[in-house]
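The values are calculated or read from the model by the stated rules, or taken from the named source; none is laboratory data. As the structure is a computational prediction, the values presented were derived from the model and not from experiment. Note that each Cβ is placed from the backbone with ideal geometry, even for glycine, and that neighbours are counted across all protein chains shown. Ligands, DNA and RNA are excluded from the accessible area calculation, which covers all protein heavy atoms including side chains. Shrake-Rupley method; radii C 1.70, N 1.55, O 1.52, S 1.80 Å.
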Amino acid sequence: MIQDSASERAAHICAAQAITKRRPPGQGAWDLARDPPEDLAAIWANAGGLELGDGTRLLGPEEVGPATKWLTEEKSLGWDGDLFVIGERDDLVIVRDLDREGRRAGGGVLEAPTDGLEAFRRVAWDVLGYLETRLGLEPAPRPTPEIAAQKAASQKDGATLTRVLAEPFYPGSEAAAAHAALVLGEILAAAGDDVAAMRAFVRSVSFRVQGARRGAEALERAAGFRAAARVAESVGAKALAEACLTRVSV
C-alpha cells in the first residue's frame, strides 16, 4: 500500500510545470517478479512515464523489465536482481537499487554513464527525492551521504562532515569519502586539534586504499598520507604534517 506522504509527493511531482510529457497511468503492468517499490508505485499511480524539461525520462512500469534485460545482456553487466533501469538523462542511465540484503549502503537512485554502466553514483534515496531535486521542488529531500559530503566539503562544514562520514557510502564512492575526510582533517588541523585531525586523515587514507585497484594499495596509502601532510602544512600544522610523512611507506 502506498503511504499518503508518498502519494502526495508523487502527485505534486507529476503536476509540476517542468514536466513536459506525462503518459496516463495504467498503460502497462509492472513486469518484474516482485512488487514495485513504494516510490515508483506512487509515481506510476499518477503517470505511466514522465519526461522533464531537463531531458530526464522516467520509464513506465511495462518498460522497466525489457530495458533492464536488454542493457544487462547487451553490456554483459553483473547486476543482481535488486538493480533495474528506470530512466535516462543525457548520457546517463538512471538505476534503482533496492538493496534488500543491505550490501550496498541501503541502495537508492543511481546514475551511471552509458560508457561505464557499473560506475554508479548515488544521487538520491528514492525516485521521489530524485525527481524533486531535478525539478527544484521544496522542501529539498534528505541528500545521500555522497551528495551531502560533497557539499559540506566545498563549504568547509566540519560538523556536517563529521556526521556524514559516520554513515555508509555507496560502493564506488571511496574517492568522495576520502576527499571529505581529508577536508575534515584540514578543518581540525586548522583548529589545532592534531589528534582528531590525524584520525580524519587516517580515515581518508583508508577510503583511498579501499578504492584502489588490486596491487596498488600501498601506493595509494603513501599518496594519501602525502596529501594529508600537504594539507596539514598548508594550515600551519607542521608537527602533524611531519607525523603524516612518517606513515608514508611503499
Of the residues in segment 77-92, those that are out of contact with any Asp or Glu (no Cβ under 8 Å at 6 or more places or on another chain) and open to solvent by less than 20 Å² (accessible area, probe 1.4 Å) come to Phe84, Val85, Ile86, Gly87
Residue count, segment 105-136, condition within 17 Å of Val95 (Cα to Cα), hydrophobic (A, V, I, L, M, F, W, C) and touching a residue at least 60 places away in the same chain (Cβ under 8 Å), comes to 5
Over segment 93-104, the set of residues open to solvent by less than 20 Å² (accessible area, probe 1.4 Å) and either touching a residue at least 60 places away in the same chain (Cβ under 8 Å) or within 13 Å of Gly172 (Cβ to Cβ) (or both) is Val95, Asp97
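If you check Ala29 against the conditions, is it exposed (fewer than 13 other Cβ atoms within 10 Å of the Cβ), touching a helix residue (DSSP H, G or I) at 6+ places or on another chain (Cβ under 7 Å) and not in a strand (DSSP E or B)?
On the way: exposed (fewer than 13 other Cβ atoms within 10 Å of the Cβ): yes; touching a helix residue (DSSP H, G or I) at 6+ places or on another chain (Cβ under 7 Å): yes; not in a strand (DSSP E or B): yes.
Here the answer is yes, as Ala29 does meet what is asked.
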Within segment 137-156, residues being within 23 Å of Glu51 (Cβ to Cβ) and either open to solvent by 70 Å² or more (accessible area, probe 1.4 Å) or free of Cβ contacts under 8 Å to residues at least 40 places away in the same chain (or both) number 3
Scanning segment 194-210 for residues that are open to solvent by 70 Å² or more (accessible area, probe 1.4 Å) and aliphatic (A, V, I, L, M) gives Val195
Those residues of segment 124-136 which are buried (at least 19 other Cβ atoms within 10 Å of the Cβ), small (Gly, Ala, Ser) and outside any strand (DSSP E or B) amount to Gly129
The correct count of residues that are surrounded by fewer than 18 Cβ atoms within 10 Å (Cβ to Cβ), touching a residue at least 12 places away in the same chain (Cβ under 8 Å) and assigned to a helix (DSSP H, G or I) in segment 211-250 is 9
Could you tell me whether Leu182 is open to solvent by 20 Å² or more (accessible area, probe 1.4 Å) and either modelled with pLDDT of 95 or more or under 24 Å from the mean Cα position of the chain (by Cα) (or both)? yes
Restricting segment 161-176 to residues that are more than 30 Å from Ile43 (Cβ to Cβ) and in contact (Cβ under 8 Å) with a residue 12 or more places away in the chain, the one surrounded by the fewest Cβ atoms within 10 Å (Cβ to Cβ) turns out to be Ala175
